[in-house]
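Taking it in order: structure first as structure tokens, then the write-up.
The values are calculated or read from the model by the stated rules, or taken from the named source; none is laboratory data. It should be emphasised that the depicted structure is a prediction, and the values quoted were computed from it without experimental measurement. Please note: Cβ atoms are built from the backbone with ideal geometry, for glycine as well, and neighbour counts cover all protein chains shown. Side chains included, ligands, DNA and RNA excluded: accessible areas come from the protein's heavy atoms. Shrake-Rupley method; radii C 1.70, N 1.55, O 1.52, S 1.80 Å.
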Amino acid sequence: MPLEALRFDVTPLGLHYLLIHYDIPEVDEESWRLEVDGRVQSPLSLTLDELRSLPQVELAVTMECAGNGRAQLEPHVVSQPWIVEAVGTARWRGARVEDVLDQAAVEKDALEIVFTGLDRGVEGEEEQFYARSVGIGELTGTDALLAYEVNGVTLPPQHGFPLRLVVPGWYGMTSVKWLSRLTAVETPFDGFQMRSSYRLREREDEEGVPLSRMRPRSLLVPPGIPEFLSRKRIVGAGTCELRGRAWSGLAEIAGVEVSTDGGDTWSDAHVERDGLGRWAWRSWRFGWDARPGEFVLCSRARDAAGNVQPLEPAWNTGGYANNAVQRVPVTVAG
Ligand SMILES: Nc1nc2c(c(=O)[nH]1)N[C@H]1C(S)=C(S)[C@@H](COP(=O)(O)O)O[C@H]1N2
Ligand SMILES: [Mo]
């Protein structure tokens with residue numbers, strides 16, 4: 001997502017980031033079914049119309065790739081080289097996962113649901129369909145959705161047509177696109193995307209900690225205008241309203257601070273009540289009296305659980321969850 005799109009409460013389609021491990025799969029709308037099987041009393045094979053006839057829920061959800069910020073890690077981690085643009089907010093519309101699980105009558109001994117996509121590829125020398133599991137507790141009494149619409153239109157191919165999972169508050173990898181199957185299992189699923197990817201590890205041979213919810217992060221709407229090659233920003237002297245967005249999947253945003261000296265001193269920004277709901281980012285603003293000179297603008301979010309953005313990234317083998325404060329070099333012209 002181009003960072004100037006942080007101006008929109010809801011990211012217009014086409015400006016929302018995309019992450020696709022393999023290829024966008026070919027889907028035949030007529031023959032497509034969502035299979036629900038495994039530890040259930042009534043296995044299901046649902047058409048899109050049947051899913052649409054369940055109670056519909058629409059939620060604004062900020063989704064961020066767990067690899068956002070990876071390109072800023074040293075030593076470099078080879079994978080999608082996101083700077084900080086792998087985030088977006090969309091209005092997802094669909095059925096509650098819980099309603100489908102109720103219809104299938106999931107057995108009491110089921111621990112997780114495995115969500116399998118139609119996209120197939122080779123990763124870590126393993127041929128696979130993209131698949132991730134989610135604990136039953138994260139899917140019942142929560143806002144987890146099986147979405148068939150985004151921003152008021154049918155899901156486009158790149159966002160998971162005809163159906164995707166959306167787990168609000170979690171990093172994007174869990175929101176499996178191009179769903180074909182939900183399987184209730186009684187033992188933890190150890191597919192590649194659970195066992196190998198999406199774990200915080202300091203060494204390759206560690207078991208690591210699985211990623212789940214998004215850590216707090218805030219970003220600035222790029223102020224002024226950019227210089228073509230360096231991307232440095234140029235702002236006119238005088239009062240300059242700095243704006244941005246902040247989110248956390250762990251707890252509500254409790255505050256945002258701004259620094260104009262690269263993180264040495266901080267002042268509180270004003271955080272707005274946007275009415276987009278708990279799962280969407282919050283907008284913030286800060287009045288800056290810009291005097292001529294060189295500045296490094298930063299913003300730092302904290303959430304109600306006491307999580308704060310660090311000044312420096314913590315390295316890990318996958319380059320995940322780097323929520324270190326953003327630094328935006330700015331020249332204020334005299
Ligand atoms: N089937 C499938 N689902 C997937 C992926 C994928 O490659 N295949 N990528 C995941 C990752 S890593 C992210 S960050 C989000 C991105 O969703 P978006 O492309 O709609 O923004 O989708 C997730 N769901
Ligand atoms: Mo991702």
Of L211, G172, W281, which is farthest towards the positive pole of the chain's charge dipole, taken about the Cα centre with +1 and -1 on the beta-carbons of Lys, Arg and Asp, Glu respectively? W281
Percent accessible area from carbon and sulfur atoms, the chain, protein chains only, probe 1.4 Å: 49 percent
Region 3-210, relative contact order in percent, only Cα pairs under 8 angstrom and at least six apart counted: 25 percent
Going toward the positive end of the dipole of the chain, with +1 on Lys and Arg Cβ and -1 on Asp and Glu Cβ, which of L182, P223, Y198 do you reach last? P223
Let's see if you can work this out: charge +1 on each Lys and Arg Cβ, -1 on each Asp and Glu Cβ, no other charges. What is the dipole magnitude of region 273-334 about its Cα centre, in debye to the nearest 20? 220 debye
If I stretch the segment between D190 and T239 completely, what's the gain in nm (0.36 nm per residue apart, minus their alpha carbon distance), one decimal? 12.2 nm
Given the -39500 (n - 2.57) contribution per DSSP H run of 4+ residues, what per-residue ellipticity at 222 nm results for the chain, rounded to the nearest 500 deg cm²/dmol? -1000 deg cm²/dmol
What size of dipole, in debye to the nearest 20, comes out for region 217-333 about its Cα centre when the only charges are +1 on Lys and Arg C-beta atoms and -1 on Asp and Glu C-beta atoms? 320 debye
Which one of S133, F8, W32 has its Cα pushed farthest toward the positive end of the charge dipole of region 3-210, where Lys and Arg give +1 and Asp and Glu give -1 at the Cβ? F8
Size of the dipole of the chain about the Cα centre, Lys and Arg at +1 and Asp and Glu at -1 on the beta carbon, nothing else charged, in debye to 20? 1140 debye
For the chain, what does the accessible surface come to per residue with a 1.4 Å probe? Please give it in Å². 45 Å²
Going by average Cβ neighbours within 10 Å, how do the peptides 313-326, 101-114, 268-281 rank, with the highest at the top? 313-326, 101-114, 268-281
FRET efficiency for E126 and A251 from the Cβ-Cβ distance with R0 = 35 Å, rounded to 0.05, comes out at 0.45
Over region 217-333, what is the mean sequence separation of C-alpha contacts under 8 Å (at least six apart), divided by residue count, expressed as relative contact order in percent? 33 percent
